[in-house]
Amino acid sequence: MDSHHDQVMKARAQAGAGTKLYFAYSTILDRTAFEEWKGQHAYGFFQLPEGELAEAPGVDLVFDFPSRFWGGRVAGLADREGASVFGRLIEIAAVDWPIIQHKEGAITGMCIERTVRVRAAGREVQAVAFVTRPDRRRTDGEVSAGFVAALARGARSAGLPETWIASILRAAEG
């Protein structure tokens, strides 16, 4: 456990009622890896809801964050007309939001929250996604093969379209 766990637990204790809509598109969808991460950070009590298949139009997956953990660049989102990203739309209780913030790197300052438009089950809503903090964006260096594998594995286990998974693999090559 680390000091981030203490920050998260304090934020949980101060959280109000309600929920947030979360657009999950990254490695959090890799359930095996997420379970391992939860164990490492003493969040075994938390269960990530399944959510529903969703698409965020007007954004694209970009490999713009050099990660020491992953040994190369990992993905965030960038505005791009005509593009879209698939993921899961998940309703998260306010008390559990700090856990999501920790997993996504907001607590450590790697990422920030941003609102994205999401289509799910025939409706369009606003949801929160996590993207690389602007001053940390970089595109030099190799894309992390391990991250891409986890991203594809998570997308597949989350039931995202095979065409989307193929596009992830192509994007990582380019």
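Every number here is computed from the coordinates shown, using simple stated rules; none is lab data. On a predicted model such as this, the values are computed, not experimentally measured, just so you know. With ideal geometry, Cβ positions are generated from the backbone for all residues, glycine too; neighbour counts draw on all protein chains shown.
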Checked against the structure, the computed Cα extents along the principal axes in Å among (1) 43, 39, 30; (2) 70, 42, 32; (3) 53, 43, 33 is the one labelled (1)
Across GLN47, GLN126, GLN101, the residue with the highest GNM fluctuation in the chain (Cα network, 10 Å cutoff) is GLN47
Cβ density ranking, 10 Å radius, fewest first, applied to TRP37, TRP97 yields TRP37, TRP97
Dividing the surface of the Cα convex hull of the range 3-80 by four yields a projected area in nm² of 6.9
FRET efficiency (ARG12, GLU173; Cβ distance; R0 30 Å; to 0.05) is 0.15
Between LYS20 and ASP79, the FRET efficiency computed from the C-beta separation at R0 = 25 Å comes out, to the nearest 0.05, as 0.75
Note to self, the chain gives a 222 nm [θ] from helices alone (DSSP H runs n ≥ 4, -39500 (n - 2.57) apiece, / all residues, nearest 500) of -9500 deg cm²/dmol
When SER144, SER157, SER84 are ranked with the fewest other C-beta atoms within 10 Å first, the list becomes SER157, SER84, SER144
Note on the range 80-153: alpha-carbon gyration tensor, axes a ≥ b ≥ c; rule is a/c under 1.5 for rounded, else prolate if a/b larger than b/c, else oblate; result oblate
